[in-house]
1. Per residue of the range 61-67, in order, report the coupling 6.51 cos²θ - 1.76 cosθ + 1.60 (Karplus, θ = phi - 60°) as ³J(HN,Hα) in whole Hz, putting x for Gly and Pro.
2. For residue 76 and residue 101, FRET efficiency with R0 = 22 Å and r from the beta-carbon atoms, rounded to 0.05?
3. How about the range 15-123: which trypsin sites (Lys or Arg not before Pro) there are in a DSSP loop, with at most 11 other Cβ atoms within 10 Å of their Cβ?
4. Going by the alpha-carbon gyration tensor, a ≥ b ≥ c the square roots of its eigenvalues, is the chain rounded (a/c under 1.5) or, if a/c is not under 1.5, prolate (a/b greater than b/c) versus oblate?
5. Can you list the lysines whose alpha carbon sits under 23 Å from that of residue 108, skipping same-chain ones fewer than 8 residues off?
6. Quick one: net charge of residue 84's neighbours, Cβ under 13 Å, K/R +1, D/E -1?
7. Percent of accessible area on the range 47-123 owned by carbon and sulfur, 1.4 Å probe?
8. Rounded if a/c is under 1.5, else prolate if a/b is larger than b/c, else oblate: which is the range 33-89, with a ≥ b ≥ c the root eigenvalues of its Cα gyration tensor?
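The values are calculated or read from the model by the stated rules, or taken from the named source; none is laboratory data. Note that the structure is predicted; figures quoted are calculated from it, not measured. Glycine gets a Cβ as well: all are built from the backbone with ideal geometry, and neighbour counts include every protein chain shown. Just the protein is used for accessible areas: all its heavy atoms, side chains included, with ligands, DNA and RNA removed. Shrake-Rupley method; radii C 1.70, N 1.55, O 1.52, S 1.80 Å.
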Amino acid sequence: QVQLVASGGGLVQAGGSLRLSCTASGRTFSINTMAWFRQVPGKEREFLAVISGNGAITYYVDSVRGRFTISRDNAKNTVYLQMNSLKPEDTADYYCGSSGNYYSTDIKYFSSWGQGTHVTVSS
């Protein structure tokens with residue numbers, strides 16, 4: 001179990017960039033798989049990107065691959081999501097999550113969540 005705090009959301013114009021951060025508490029952060037998700041009203045929470053504990057493995061959903069980059073700094077207990085070339089359809093609440101020691105892209109394995117940070121992309 002880990003407590004996660006997400007930050008960095010805001011308002012940006014289409015084509016712009018934002019960097020989200022998620023800071024974790026806990027002694028096992030370096031072996032925790034971390035991921036970013038987003039959710040819009042009336043829709044299920046959507047997986048975006050995942051990174052393994054040592055940062056060696058990353059995976060992205062097709063809609064953000066090439067635009068978003070997930071990274072982590074284990075010395076700071078922080079995972080990042082760099083979002084470039086933002087589109088209005090990227091407007092959503094963004095959440096970080098942890099699946100602990102288990103590497104997965106399936107939301108059902110993520111048991112710890114940040115509070116969410118909102119991103120609005122204007123056209």
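1. 6, 4, 5, 10, 4, x, 10
2. Numbers: r = 20 Å, r/R0 = 0.92.
Calculated transfer efficiency: 0.60.
3. On the way: sites: 19, 27, 38, 43, 45, 65, 67, 72, 76, 108; in loops: 27, 43, 45, 67.
Sparse-neighbourhood loop trypsin sites (Lys or Arg not before Pro): 27, 43.
4. Prolate.
5. Residue 108 reaches 43.
6. Working: positive: 19, 65, 67, 87; negative: 90.
That sum, taken over residues with Cβ under 13 Å, equals +3.
7. Numbers: 1740 of 3640 Å².
After summing per-atom areas, the C and S share lands at 48 percent.
8. Details: a/c = 2.03, a/b = 1.67, b/c = 1.22.
Verdict is prolate for the range 33-89.
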